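Before we start, here is the structure in question, set down as structure tokens.
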Amino acid sequence: MTTGGLSLSAIADHLAPELDRRRLADLHDRLPADAPADWRAIAAIVALALPNRRCIGLSGGQGAGKSTLAGLVVQALALVGREAVVCSLDDFYLVKRERLELARAVHPLLATRGPPGTHDVALALAVLDDVLAGRSTRLPRFDKGRDERYPRSRWPIAESVDMLVFEGWCLGVEPQPEPMLRSPVNRLEAEEDGDGRWRAYVNAACADYALLWQRVDWWIYVEVPDMDAVRRWRMAQERALASSRRMSEAELDRFIAHYERLTQWQQSKFAAQADWRLRLDRDHRVIGF
């Protein structure tokens, strides 16, 4: 059976060769047929190969398909009788008022959500710890169209789950060595962070996330082919939104530039440290590990 770039069997041979192929194929085929085939394969393998894991960390560049994969993992686990929920790092963004305060006090670029330093790490730790301890807790949700967190009354409740799937573009990130911060990586940094204050603040903030990463007991890294692919994938996501919520191409380019430095750093540093590394081609197919 082929799954896109590689066959289901080939993916399993690399990630979990001990799995029963008939059971794996059956679970794969019970997942939604319109979902990406490679992601169905990975989700089925996670559900069968990692029965004792409590927190799966899913990291990788923007537009790589992490949210889709996370949702399929939850569905695959349900099919084998396990309860799982997804937490996205995106849902722990600081609210707009807090980011605007940072922008005034530290650097204007901190008004834009996404990089380390723009999340409520304390809230994320509290929620993850509650979920992993089996306590009933509400899972924050962030409205990207409004650039604000949804009211608490609209947060779903999680209780007694078997696995937490924690996903985000910079999960597992560590600070860069200081010499790497000196040269800008793109036009945004060169023109709007000429003295390096923003990138230094973001880099220092990376250390504040270390306790969050310690909650993860299995890492999956989704490696994007390059930033051009990220731009194309993110543009496709934007086009699926209502026009009133959609960024223009220029706005999207500027937004992605906030992420470029650490996306490249993750690829050079963290990819080799993950338990599973999934290399994608420009069509979102898994082509290597």
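Where a number appears in this text, it was derived from the coordinates with a stated rule and is not lab data. Small disclaimer: the values here were computed from a predicted structure and weren't measured. So basically every Cβ, Gly included, is an ideal-geometry build from the backbone, and we count neighbours across all protein chains shown.
Express in whole angstrom the spacing between the alpha-carbon centres of segment 9-84 and segment 88-125.
31 Å
Right, here's the next one. Work out how far the C-alpha atoms of the chain reach from end to end along every principal axis, then list the three figures in whole Å, largest first.
Sorted from largest, the Cα extents of the chain read 58, 40, 40 Å.
For segment 79-165, give the magnitude of the charge dipole about the Cα centre (Cβ charges: +1 Lys/Arg, -1 Asp/Glu; no others), in debye to the nearest 20.
My answer is approximately 360 debye.
With angles folded into 0 to 90 degrees, how steeply does helix 197-206 sit against the dominant principal axis of the chain? Use alpha carbons for both and round to 10.
Here the helix axis deviates by roughly 30 degrees.
Nearest 10 degrees is fine. How inclined is helix 21-30 to the longest principal axis of the chain, computing both from alpha carbons?
60 degrees
Farthest toward the dipole's positive end in the chain, which of 72, 58, 180, given Cβ charges of +1 (Lys, Arg) and -1 (Asp, Glu) about the Cα centre?
72
Taking Cα atoms, how many degrees apart are the long axis of helix 227-239 and the longest axis of the chain, rounded to 10 and kept between 0 and 90?
With both axes taken from Cα atoms, the answer is about 80 degrees.
Right, something else. What net charge do the residues around residue 198 carry, taking every other residue with its C-beta under 12 Å from that of residue 198, with Lys and Arg at +1 and Asp and Glu at -1? Please list the in-between numbers first.
Details: positive: 197, 199, 261; negative: 189, 191, 192, 193, 195.
Here the charged neighbours net out to -2.
What list of ³J(HN,Hα) couplings, whole Hz, do you get for segment 170-179 from phi and the Karplus terms 6.51, -1.76, 1.60, once you set θ to phi - 60° and write x for glycine and proline?
Couplings: 10, 4, x, 5, 10, x, 7, x, 3, x Hz.
Quick check on the chain: of the DSSP beta bridges with both residues there, what percent are antiparallel, nearest 5%? Don't jump to the answer; show the numbers that get you there.
On the way: 8 of 27 bridges.
The answer is about 30 percent antiparallel.
Step through the residues of segment 273-289 one at a time and calculate ³J(HN,Hα) from phi using the Karplus curve (6.51 cos²θ - 1.76 cosθ + 1.60, θ = phi - 60°), rounding each to whole Hz and writing x for Gly and Pro.
With coefficients 6.51, -1.76 and 1.60, one gets 8, 5, 5, 10, 10, 10, 8, 9, 9, 6, 9, 6, 8, 6, 10, x, 9 Hz.
Continuing with this model, one more query. How big is segment 1-49 by the Kirkwood estimate over distinct Cα pairs, in Å?
Averaging 1/r across every pair of different Cα atoms and inverting gives 10.3 Å.
Would you please give the residues with an amide H less than 5 Å from that of residue 93, counting only those at least 5 places away or on a separate chain, with H modeled from the backbone geometry?
120
Could I ask something else about it? Under 5 Å between amide hydrogens, which residues at least 5 positions from residue 167 or on another chain qualify, with H placed 1.01 Å from N in the peptide plane?
HN-HN under 5 Å from residue 167: 58, 87, 88, 89.
Please work out the C-alpha center-to-center distance from segment 126-203 to segment 217-251 and express it in whole Å.
What the calculation gives is 16 Å, centre to centre.
Another one. Straight-line reach from residue 269: which lysines fall under 24 Å, measuring Cα to Cα and dropping same-chain residues less than 8 apart?
66
Could you compute how fast segment 191-289 diffuses translationally, taking Rh as the Kirkwood radius over C-alpha pairs and applying Stokes-Einstein at 20 °C with viscosity 1.002 mPa s? Give it in µm² per second.
137 µm²/s
Can you list residues whose amide H is under 5 Å from residue 223's amide H, if they're 5+ apart or on another chain and H is modeled 1.01 Å from N?
Residues meeting the amide H criterion: 278, 279, 280.
Only sites in a loop by DSSP and with at most 14 other Cβ atoms within 10 Å count here; which GluC sites (Glu not before Pro) in segment 1-102 make the cut?
Taking segment 1-102 and a limit of 14 other Cβ atoms within 10 Å, the loop GluC sites (Glu not before Pro) found are 18, 83.
Sticking with this one: Determine the principal axes of the Cα atoms in segment 37-165, then give the extent along each, sorted from largest to smallest and rounded to whole angstroms.
49, 32, 22
Could you give the longest part of the chain that holds none of the trypsin sites (Lys or Arg not before Pro) found in DSSP loops with at most 10 neighbouring Cβ atoms within 10 Å?
That gives 1-145 as the longest site-free run.
Something else: What does the charge count near residue 227 come to, summing +1 for each Lys or Arg and -1 for each Asp or Glu among other residues with Cβ under 13 Å from its Cβ?
Net charge around residue 227: +1.
Do the sum for the chain: with -39,500 (n - 2.57) for every DSSP H run of n ≥ 4, divided by all residues, what is the mean residue ellipticity at 222 nm, to the nearest 500 deg cm²/dmol? Present the calculation step by step, with values, prior to reporting the outcome.
Numbers: 11 runs with 122 residues, N = 289.
Estimated from H runs of four or more residues: -13000 deg cm²/dmol.
Which whole-Hz couplings ³J(HN,Hα) result when phi for each residue of segment 250-255 is put into the Karplus expression 6.51 cos²θ - 1.76 cosθ + 1.60, θ = phi - 60°, listed in order with x for Gly and Pro?
5, 5, 5, 4, 5, 4
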